[in-house]
Amino acid sequence: MSRIANAERSLKKLDELARQDTWLNRVHPLVKLLVTILYLVLVVSFQPRQLTGVLGMALYPFLLFEISGLSFKDALYRLRVVLPVVCMVGILNPFFDREPALSLFGITITGGVLTMLSLMVKGILTVLASYLLIASTTVESVCSALSMLHIPGILVTEFLLICRYVSVLLNEADRMTQAYALRAPGQKGVAPKAWGSMIGRLLLRSMDRSAELYQSMCLRGFRQEQPLFRQKSFCASDFFYLAVWTFILICLRIFPVLEILGGLFL
């Protein structure tokens, strides 16, 4: 299986996860979106050297992975391309900030190392939190939550169509690479001299295909001025979920949980 087909298959599996009937999937999408936004804001709000505080915020994604049934190993596999890029942020900080910050087991740790580790942990936690939202909420539900927040309809529609047209783009790219491989047997990949024409044809083919899809949507009654999504009603469990996680996340942000636990054990 080619990489493009593998990527398309991964998107389909992620959509299947979001459509499962689990307790996390049944939580109102607006509630999950608000909790995720709050978590991202709180994680980013830590100072560059507050590594212990950032590590304490790891309770949210790891606890949700544990109680929701989602596979943490599968999440790491799906995010194998994004996580290394996130970890590259701040990798040069140890070379610029060499001021000693603390000593651990006789090893002096500089401020640059603390800053680098803090940025890495922040990136990993934010990516995992976003994955939890996507893996438990369909694209339509996310767009419905965005519309409830009074995000302009044109932006919500664009977001929805982009998410849906990604699979179209991947499908066309897979078909073109397969056709190229049949015409160039024994050759690994696409020759550099054919990259320009391949990208141009891919753009034209995907535009034609997306235009056909849009026309079919219009024939089925799609109108920009009409509401796109059905608004799901709230229930008591949704408010309970929002209140509990808001309280926990704010406590994790205010109090140094890891330092308190370390003091108790020591």
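Numbers below:
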read-out	value
Qualifying residue in the range 209-221 (condition: farther than 21 Å from L11 by Cβ and outside any helix (DSSP H, G or I))	yes
Number of the exception - R49 against (1) free of Cβ contacts under 8 Å to residues at least 24 places away in the same chain; (2) in a loop (DSSP other than H, G, I, E, B); (3) of a type outside the set (D, E)	(1)
Helices (runs of 4 or more DSSP H) contained entirely in the range 57-99, each with at least 1 residues that are within 15 Å of the chain's Cα centre (by Cα) and among the β-branched types (V, I, T)	82-87
Residue match in the range 6-27 (condition: surrounded by fewer than 18 Cβ atoms within 10 Å (Cβ to Cβ), farther than 28 Å from Y241 by Cα and of a type in the set (S, T, Y))	yes
Cβ-Cβ under 7 Å pairs, at least 6 apart or on other chains, the range 155-168 side in contact (Cβ under 8 Å) with a residue 24 or more places away in the chain, far side basic (K, R) and assigned to a helix (DSSP H, G or I)	V168/R209
Qualifying residue in the range 103-115 (condition: touching a residue at least 12 places away in the same chain (Cβ under 8 Å), touching a Gly at 6+ places or on another chain (Cβ under 8 Å) and not hydroxyl-bearing (S, T, Y))	no
Tally of residues being exposed (fewer than 15 other Cβ atoms within 10 Å of the Cβ), closer than 17 Å to D208 by Cα and among the β-branched types (V, I, T) across the range 149-176	2
Among the residues listed as T22, T52, the single one being among the polar types (S, T, N, Q) and more than 28 Å from E259 (Cβ to Cβ)	T22
Filtered residue count, the range 135-146, keeping only those that are crowded, with 19+ Cβ neighbours inside 10 Å and part of a helix (DSSP H, G or I)	8
Search result, residues across the range 177-197 that are under 27 Å from K13 (Cβ atoms), assigned to a helix (DSSP H, G or I) and more than 28 Å from the chain's Cα centre (by Cα)	Q178, A179, Y180, A181
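Computed from the coordinates by the stated procedures, all read-outs in this text should not be read as laboratory data. Every value quoted in this text rests on a predicted model; they were computed, and no experiment measured them. Here Cβ is always computed from backbone atoms with ideal geometry, including for glycine, and neighbour counts include all displayed protein chains.
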